[in-house]
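Worksheet: one structure, shown below.
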Amino acid sequence: MSKPNMKIRKGDTIEVIAGRDLGKRGKVLKVDPERNRVVVEGINKVKKHQKPTRTLPQGGILNIEAPVHASNVMLVCTKCQSPTRVGRKFLENGEKVRVCRKCGEVID
């Protein structure tokens, strides 16, 4: 089974286009291509009840970022600073890069 084609990568800036965090922007911390989900800094915060462990001896209630489905976020172009769909383009040397659909700028 081949892994799905993800248009969002770790380190990208994204904007949420659906859900309770609509309109918020953040940096992608983790990508899960098998489940088609991304974890974004400061987005979809949930409370997790943590038992005391050796690494966290006090335990308690933690605020962590939960994964968001990739269809609910859009990549923010570095040039035009607007959420955009992602296109693919081959350069002269045969390298495949991501391209902004609004301004045509190479994202990679």
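Give me the percent relative contact order of the stretch 1-76, please, defined on Cα pairs under 8 angstrom at least 6 residues apart.
Reported relative contact order: 32 percent.
For mean projected area of the Cα convex hull in nm², which listed value, (1) 8.5; (2) 5.2; (3) 9.3, comes from the coordinates shown?
Computed from the coordinates, mean projected area of the Cα convex hull in nm² corresponds to (3).
In terms of Cα to Cα distance under 16 Å, which aspartates and glutamates are near enough to Lys10, apart from those fewer than 8 places away along the same chain?
Candidates past the 8-residue exclusion: Asp32, Glu34, Glu41, Glu65, Asp108.
Please sort by residue number the trypsin sites (Lys or Arg not before Pro) in the stretch 55-92 whose DSSP state is loop and whose Cβ has at most 15 other Cβ atoms within 10 Å.
Within the stretch 55-92, the qualifying trypsin sites (Lys or Arg not before Pro) (loop, at most 15 other Cβ atoms within 10 Å) are Lys79, Arg85.
Read the figures in this text as sums done on the coordinates, not as results from a lab. Quick caveat, the model's predicted, so the values are computed rather than measured. So basically every Cβ, Gly included, is an ideal-geometry build from the backbone, and we count neighbours across all protein chains shown.
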